[in-house]
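Undergrad: Here it is, the structure, as structure tokens.
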Amino acid sequence: MKNQEITPIVKYRKDYLPSAYLIEKTNLVFELNHNETIVTTELNISANDLSDSSKAELKLNGEDLELLEISINGEPVAEQDYATDPESLTLNNLPGKGFILKTQVRIHPEKNTLLEGLYRSGKMFCTQCEAQGFRHITYYLDRPDVLSVFSTRIIADKKEYPQLLSNGNSVERGELENNRHFVEWHDPFPKPCYLFALVAGDLDLLEDKFITASGREVALEIYVDKGKLNQCHHAMESLKKSMLWDEQTFGLEYDLDIYMIVAVGDFNMGAMENKGLNVFNTKYVLADVATATDDDFLGVESVIGHEYFHNWTGNRITCRDWFQLSLKEGLTVFRDQEFSSDLNSRSVKRIKDVQVIRSAQFAEDSGPMSHPIRPDSYIEMNNFYTVTVYNKGAEVIRMMHTLLGVDGFRKGMDLYFERHDGQAVTCEDYICALESANNRDLKQFRNWYSQSGTPEVVVEEEHWDESTKSFNLTLSQSCPVTKEQPEKQPFLIPVKLTLMAETGEELSVCYEGNKNTEFVVELTQEKQQFVFTGVDCPVKLSLLRDFSAPVKLERHLSDEDLTFFMAHDSNAFSCWDAGQQLMNRVIWQQYDALVKGDSIEIPSSFVDAVKHLLFSEKDPAFIALALALPSIGTLEADREQMDVGVLQQARIRIRKHLSKQLNGQFKTVYENMRMQAENSEGSKAAVARSLANACLSYLLDNVNDAVLELAKAQYDNAQNMTDELAAFALLVDSKSHLQAEVITDFYKRWKNEDLVIDKWLSMQAMFGGESALQRVSELWEHTAVVHTNPNKVRALVGAFTMNIEAFHNADGSGYQWLADRVIEMDNINPQTTARLVSVFNRWKKYDENRQTLIKAQLKRILDKKDLSKDVSEIVSKAYNI
Ligand code: TRP
Ligand code: ZN
């Protein structure tokens, strides 16, 4: 019976069966108390015509529930007709095709540290039901293809919980005995139980309204902890922009009369799209200039958008089963990316999104957790809310958008909503809608859904033929095999490109009968030639513009070519990418030299290219991004194996060199940008700050009294969190006498602002080299670091894993510290702990010594008694590769 921990249960996509029973109506009554909550549930259940197993037993999911009562059609169920185990309730001898099942259970939200199901965050009650949290609330068919109309009555103390919220519209409220009251909610839209939400608390409320395109008025409400109202305005503005954007871009209107958002301090993820009642991590709601950085503001905007866009892509049309998660997540990430691109700089947004793919998704796809965007199996579903499903999923949608064009894509979306509104569907249904609306066959494209791994595209040949005035390009593709998929079929890879003259001019040429300056060619074979005609002069090929496919591109370009693209490519991504490749090259050269105990002479042409960039006329935000050397996470994708400590040293050396060589230039641009930031507002000021702070960071790479003073002055005089935090981070990293001073000062200033304290922790964990271990060990015991709070744990432990010197210390102390935290945290919050331990998934990339050290820690974790499913799935996969 209890060998479940030894042989974990694997769920397979191919095993899908429709539910034998449906639940037309769900009536819930919650009685909230300090020491227990009683949930009374009435379900109108009927046999499912689509399923031939209607006579079968009814098996409801349920975990950590104490069953108090059970009846069918008003009659108590006989003992021999039902059975419970730790994960379910099974009923036999059911009366006919339809009946009402009533259960009553006792649960303990006040003890729930999983932050799944019903739990407490501070003084309030809240829920998180995706993916399978509802089974912690009541016995139910906890699967996304069972859609039901919910009515929810919440009963609680009136003074402690004046606000009682759930999905849909409030239909009744009233007073009860003992200072209690109730509110009843009704959600007219049938939904799966993962979209259920409940909140009870004493909160501040920001109210606004939105008039939809068809003239309906929607009440907008944001609920936050008392005293935080002034930090909600940006979230409210973002919500209104989201609503307008979805109407204008996809013709999608909101459908209820009320849209509520509640911000909670304890949350496993960013936010949750529960119908009509989103629950958000405070990090993605609260923002004002004093406490939030410019990036935080963008984060709030995009997550508010993301959850709002789920109302159509996720809620009105939901997933048939959890293997289809990318159906809603890939598509909704794509939609939030487009939203942010339309509101801010599209190029900058694209570059940041590509950075996520290259630094995190490529790593996932080449490690033990590699899976297709539509996985074939899982042990713990929570482990599949990944950069692959979300971000690669969005890239896959983006490729179809590229292939079909804006109008074709919109037609496909329209048909998708027309066909499937109100249903729980599959990724396949989505692709079919795009195909039908565009009369186009996407058969081969489906390989992006079924195959994992990062495809590699190699430029085999590119040359201009003077006699025929043609340009020939030969590309090949391959995909590394993965455990589950020993053989890979070629993908349909859209490759966006432009031919440029050596002057930089974009040439109008012919391809397959069309004349244009930019083409999307389709690489479908293992090796394929593309011929462009009407090419009158030698050309430079701008390839994979906009990162038109999530692939690794191998191409031999000279340093001169890269400098050319840096200077002339009108495509911001390609221009940025050329610079990154140049930097990449120098870092790896330095690395190879360092491994041999040697060092390289950094070419002055490299320094010149950076200087050129620094003074270019481009968007300062772009320049700031382009100045940054590729991250260690991104560099790791380049080689099979490396000494990550040496790689970090190589990277630092290049930075120091640039810092020395361009000291005066960084100083000048820093001052210009500071001035521009002070004399402008909004995004113009933010953009100037980003470049100013990028320059300041280079300046601090060679510490001396003057630059320390500069950073300290910025810290002291900062008018916003962006400048304050940038200077703070650099001073923490400077290892100077100012380090301790600002750490103390920053805490004093911000000790009452939780989200700012998270930043205080992160900066100390991430920066300051090896000495960070000492600090984080002490901070782990700090009163501010509440171990049940995921934001705090991520701020300290998560940030520490990004500190290369300390985390990857060759003595293994960093790995050991993480493993200690994982073992400690696994009992408290497995979901968040599983995410933290996932950094170990990269272990094969490192040198023998570090591999041995990490494996030893993985083993230690596996040896822990009662290890959670979440952590054990990740760690055993990592250990057994
Ligand atoms: N559906 C949520 C989103 O994409 C993700 C999410 C929120 C989630 N909370 C979760 C996923 C808890 C798993 C577990 O916005
Ligand atoms: Zn989502």
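Undergrad: Rounded to the nearest 500, what is the 222 nm mean residue ellipticity of the chain from helices alone, with -39500 (n - 2.57) per DSSP H run of 4+ residues and division by all residues?
TA: One gets -12000 deg cm²/dmol as the mean residue ellipticity at 222 nm.
Undergrad: What three numbers, in Å, describe the spread of the alpha carbons of the chain along their principal axes, ordered from the longest?
TA: Over the chain, Cα extents along the principal axes are 86, 67, 58 Å.
Undergrad: Shifting gears a bit: Would you mind calculating the gained length between Gln444 and Ala593 on full extension (0.36 nm times residue separation, minus the Cα-Cα distance), in nm to one decimal?
TA: Going from the current span to full extension adds 49.2 nm.
Undergrad: Once neighbouring chains are kept in place and the probe is 1.4 Å, which whole percent of the accessible area of the stretch 415-480 is contributed by carbon and sulfur?
TA: Carbon and sulfur together cover 44 percent of it.
Undergrad: Residue separation times 0.36 nm, minus the C-alpha to C-alpha distance between Glu160 and Lys226: what's the value?
TA: That works out to 22.5 nm of additional length.
Undergrad: Let me ask something else about it. Find the accessible area per residue for the chain; the probe is 1.4 Å, ligands and nucleic acids are left out, and the unit is Å².
TA: Spelled out: the 1.4 Å probe surface of the chain, per residue, equals 40 Å².
Undergrad: Between 0 and 90 degrees, rounded to the nearest ten: what's the tilt of helix 325-343 against the longest Cα principal axis of the chain?
TA: 50 degrees
Undergrad: Here's something else I'd like to know. Could you state the number of Å between the C-alpha centres of the stretch 290-316 and the stretch 465-524?
TA: 35 Å
Undergrad: List the lysines whose alpha-carbon lies under 26 Å from that of Lys123, not counting same-chain residues fewer than 8 positions away?
TA: Lys111, Lys158, Lys159, Lys226, Lys228, Lys275, Lys283, Lys748, Lys751, Lys759, Lys792
Undergrad: I need the phi-derived Karplus couplings for the stretch 816-823: 6.51 cos²θ - 1.76 cosθ + 1.60, θ = phi - 60°, integer Hz, Gly and Pro marked x.
TA: Running phi through 6.51 cos²θ - 1.76 cosθ + 1.60 with θ = phi - 60° gives 5, 4, 4, 4, 4, 5, 4, 4 Hz.
Undergrad: GluC sites (Glu not before Pro), restricted to the stretch 145-177: which are DSSP loop and have at most 10 other Cβ atoms within 10 Å?
TA: Glu177
Undergrad: Among Val531, Asn516, Thr563, whose Cα projects farthest towards the positive end of the dipole of the stretch 499-564, with charges put on the beta-carbon of Lys, Arg (+1) and Asp, Glu (-1)?
TA: About the Cα centre, the residue reaching furthest to the positive side is Val531.
Undergrad: Trypsin sites (Lys or Arg not before Pro) within the stretch 380-465: which are DSSP loop residues with at most 13 other Cβ atoms inside 10 Å?
TA: Within the stretch 380-465, the qualifying trypsin sites (Lys or Arg not before Pro) (loop, at most 13 other Cβ atoms within 10 Å) are Lys443.
Undergrad: Further question on the same structure: Counting only protein heavy atoms, what percent of the accessible surface of the stretch 785-881 is carbon or sulfur at a 1.4 Å probe?
TA: 53 percent
Undergrad: Per 0.36 nm of contour for each residue apart, how much would the distance between Ala706 and Lys859 grow if the chain were fully extended, relative to their Cα-Cα spacing?
TA: The Ala706-Lys859 span can extend by a further 50.2 nm.
Undergrad: Tell me the accessible surface of Cys510 in square angstrom (1.4 angstrom probe, heavy atoms of protein chains only), to the nearest ten.
TA: We get 40 Å² for Cys510.
Undergrad: Continuing with the same structure: Amide H neighbours of Ser548 under 5 Å, at least 5 residues apart or on other chains, H built in the peptide plane: list them.
TA: Lys496
Undergrad: Place a +1 charge on the Cβ of each Lys and Arg in the chain and a -1 charge on the Cβ of each Asp and Glu, then give the dipole magnitude about the Cα centre in debye, rounded to the nearest 20.
TA: 860 debye
Undergrad: Right, here's the next one. Farthest toward the dipole's positive end in the stretch 52-135, which of Ala56, Pro76, Asn112, given Cβ charges of +1 (Lys, Arg) and -1 (Asp, Glu) about the Cα centre?
TA: The residue sitting most towards the positive pole is Asn112.
Undergrad: Using each residue's phi in the stretch 428-433, evaluate 6.51 cos²θ - 1.76 cosθ + 1.60 at θ = phi - 60° and report the 3J(HN,Hα) Karplus result to the nearest Hz, with x for Gly and Pro.
TA: Karplus values, whole Hz, x for Gly and Pro: 4, 4, 5, 4, 4, 5.
Undergrad: Each residue of the stretch 159-164 in turn: what ³J(HN,Hα) in whole Hz from Karplus with 6.51, -1.76, 1.60 and θ = phi - 60°, glycine and Pro shown as x?
TA: 6, 6, 10, x, 9, 10
Undergrad: Taking amide H positions as placed 1.01 Å from N in the peptide plane, with prolines and chain starts having none, which residues 5 or more places from Tyr21, or on another chain, fall under 5 Å of its amide H?
TA: Long-range HN contacts for Tyr21: Asn48.
Undergrad: In whole angstrom, how far apart do the alpha carbon centroids of the stretch 623-658 and the stretch 170-185 sit?
TA: If you average the Cα positions of each part, the centres end up 59 Å apart.
Undergrad: With the full set of protein chains in place, find how many percent of the accessible area of the stretch 654-754 is carbon and sulfur; take the probe as 1.4 Å.
TA: 47 percent
Undergrad: Rounded to whole Å, give me the distance from the Cα center of the stretch 368-441 to that of the stretch 263-289.
TA: 25 Å
Undergrad: Tell me, what is the FRET efficiency for Arg173 and Ser631 to the nearest 0.05, using R0 = 56 angstrom and their Cβ-Cβ distance as r?
TA: 0.60
Undergrad: May I ask you to derive the FRET efficiency for Ser470 and Lys552 from their Cβ-Cβ distance with R0 = 25 Å, giving the value to the nearest 0.05?
TA: About 0.35, to the nearest 0.05.
Undergrad: If you don't mind, another one. Can you pull out the trypsin sites (Lys or Arg not before Pro) in the stretch 474-545 that DSSP calls coil and that have at most 12 other Cβ atoms within 10 Å?
TA: Lys483
Undergrad: List the relative contact order of the chain as a percent without decimals, with contacts defined as Cα pairs under 8 Å and 6+ residues apart.
TA: 8 percent
Undergrad: I would also like to ask the following. At a probe size of 1.4 Å, how large is the accessible area of Arg860, to the nearest 10 Å²?
TA: Estimated to the nearest 10 Å², Arg860 gives 90 Å².
Undergrad: For every other residue with a beta carbon closer than 15 angstrom to the beta carbon of Lys515, add +1 if it is Lys or Arg and -1 if Asp or Glu, then tell me the sum.
TA: Taking every other residue near Lys515 into account, the sum is -3.
The values are calculated or read from the model by the stated rules, or taken from the named source; none is laboratory data. Owing to the predicted nature of the structure, the values given are computational and were not obtained by experimental measurement. So basically every Cβ, Gly included, is an ideal-geometry build from the backbone, and we count neighbours across all protein chains shown. Ligands, DNA and RNA are stripped out before the accessible areas are found, and what is left, the full protein with its side chains, is counted by its heavy atoms. Shrake-Rupley method; radii C 1.70, N 1.55, O 1.52, S 1.80 Å.
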